[in-house]
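Participant: Sending over a structure as structure tokens; questions will come in a sec.
Read-outs: derived from the displayed coordinates by stated rules, not from any lab. Being a predicted model, the structure only gives us computed values, none of them experimental. Methodologically, a virtual Cβ is constructed for each residue, glycine included, from the backbone with ideal geometry; neighbour enumeration extends over all protein chains shown.
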Amino acid sequence: MKITLFVVVLLSGILGTGCSRRQPLPVLGQVPKFELTDQTGKSFGRSALDGHVWIADFIYTHCEGPCPRMTSHMRAMQKRTDPSVRLVSFSVDPANDTPAVLEAYGKQFGADDSRWKFLTGDAAVLDKLDRDAFHLGNLGAGLTHSTRFVLVDKTGRIRGYYGIAQGDPSSQVSTDAERLEKEPAGAAIPDLPSQDNAD
């Protein structure tokens, strides 16, 4: 009887340990260095994000479609995540989204300028980031853009994509950002094949 009970307890412990170990979030890409301009008119580069987990999206300020919803979700992530986590909203309409326009837009949504950057700048740079770095699409005349959030780790590696089609992803993004905050620096993570993230 005692031996049987011991075996049951031992197996429960082994199985419980196995179930509690979550696989690390995969590496889905790498964000290269870039230089753009933030909502305060200052130069802002990817190097300012080194050492921080960050969340990115692509929006434009006069969008009447999904952008206000995306920015509301980003505001929720600002509240849910550790202050060290950064938020970055890239404009897909740099011709109209000047720093002053972006600053006013950010204030409407309660953006903390120290954590949440709204970036504008050269359209070619933004297009290359959208298409080649984040794999979300192209900046075009119709201003169509992805409605996905992108989670990036402390070394600039893309670790997750989260769409709004199925509802508010802010809780899951925030949870995964917390996981990355706790991940050992320079942890070796297996790469996954590239994905189509144009939605």
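Participant: Which condition number does C67 fail, the rest of (1) in contact (Cβ under 8 Å) with a residue 12 or more places away in the chain; (2) out of contact with any His (no Cβ under 8 Å at 6 or more places or on another chain) being met?
Facilitator: Failed condition: (1).
Participant: May I pose another question? Within segment 144-178, restricting attention to residues that are closer than 24 Å to D132 by Cα and hydroxyl-bearing (S, T, Y), which residue is surrounded by the fewest Cβ atoms within 10 Å (Cβ to Cβ)?
Facilitator: Only one residue fits best here, namely T144.
Participant: Does segment 118-132 include one or more residues that are in contact (Cβ under 8 Å) with a residue 60 or more places away in the chain, in a helix (DSSP H, G or I) and touching a His at 6+ places or on another chain (Cβ under 9 Å)?
Facilitator: Taking every residue of segment 118-132 in turn, at least one turns out to be in contact (Cβ under 8 Å) with a residue 60 or more places away in the chain, in a helix (DSSP H, G or I) and touching a His at 6+ places or on another chain (Cβ under 9 Å).
Participant: In segment 111-133, how many residues are closer than 20 Å to Q30 by Cα, aliphatic (A, V, I, L, M) and in contact with a helix residue (DSSP H, G or I) (Cβ under 9 Å, 6 or more places away or on another chain)?
Facilitator: Looking only at that region, the number is 1.
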